[in-house]
């Protein structure tokens, strides 16, 4: 059985070559070899970080980066549909989205899928969500958790604005706020400028937290 590092390298190569079917088959075989969904999400996230680094250093084109993103969106959709076939809502609710000006969506897609695995109902606002819409929707839905992504450092100003919006929510009912994204992977000091309860550098970190504190979330939503 190939190691996860080998799986990541093969998956990254498939992305760089634009091979959708090969990328999907690599992931499917890894799951069949008893790797967990969290393992595979970690592989995909690290592969996309590698793609992002290559784009940042002009080693690949925007077209290649976009193709890699499209392939990964397809792969995530395929494997996630199977993973939540027994999904049952247990009363917990989460809002997930990418911060205003951020059109990237993959990170949020993985977070949404993982929350569903833990039986948390998700309200997916999508990417590039105006901050002016967030306050009202969060209060109306009564969510227990807010998860948002910041992909590039230039999105941090909108994240700061969002932080001000979140801090305006009633402290007694304000949801738990978690944050992540490639911007913090590049420069963790950016966290000093945004409001959050938890920062998760990897999907594994988020999974461990959900496993540990899911009873806390259940209590909040009851």
Under the definition of Cα pairs under 8 Å and six or more residues apart, what whole-number percent is the relative contact order of the range 4-83? 38
Kindly rank 131-142, 97-108 from highest to lowest mean number of other beta carbons found within 10 Å of each residue. 97-108, 131-142
Tell me which label goes with the value of Cα Rg over 2.2 N^0.38 Å computed from the coordinates here: (1) 1.01; (2) 1.18; (3) 1.66. (1)
Arrange the peptides 39-45, 8-14, 183-189, 56-62 so that the one whose residues have, on average, the most other Cβ atoms within 10 Å appears first. 39-45, 8-14, 183-189, 56-62
Compute the FRET efficiency between residue 74 and residue 135 as 1/(1 + (r/R0)^6), taking r as their Cβ-Cβ distance and R0 = 35 Å, and round to the nearest 0.05. 0.55
Suppose only helical runs count, i.e. DSSP H with n ≥ 4. What mean residue ellipticity at 222 nm does that imply for the chain under -39500 (n - 2.57) per run, divided by all residues and rounded to the nearest 500 deg cm²/dmol? -18500 deg cm²/dmol
On Cα atoms only, tilt of 203-221 relative to the major axis of the chain in degrees: 30
Would you mind checking the tilt of helix 37-56 against the longest principal axis of the Cα atoms of the chain, expressed as 0 to 90 degrees and rounded to 10? 80
Taking 0.36 nm per residue of sequence separation and subtracting the Cα-Cα distance, how much length would be gained by fully extending the chain between residue 58 and residue 211, in nm to one decimal? 51.2 nm
State, as an integer percentage, the relative contact order of the chain based on alpha-carbon contacts under 8 Å between residues 6 or more apart. 18
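Please tell me the relative contact order of the range 89-153 in percent, rounded to the nearest whole number, where contacts are Cα pairs under 8 Å and at least six residues apart. Mind showing how you got there, number by number?
Numbers: 111 pairs, mean separation 32.8, N = 65.
This gives 51 percent for the range 89-153.
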Distance in nm between label sites at residue 169 and residue 123, each 7 Å beyond Cα in the beta-carbon direction? 1.0
Report, in degrees rounded to the nearest 10, the 0 to 90 angle that the Cα long axis of helix 62-83 makes with the longest principal axis of the chain. 70
With a ≥ b ≥ c the root eigenvalues of the C-alpha gyration tensor of the range 1-93, is it rounded (a/c under 1.5), prolate (a/b larger than b/c) or oblate? prolate
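Just so you know, all these numbers are worked out from the coordinates, no wet-lab data involved. Please read all numbers here as calculations on a predicted model, not as lab measurements. Using ideal geometry, Cβ is built from the backbone for each residue, glycine included, and neighbour counts are taken over all protein chains shown.
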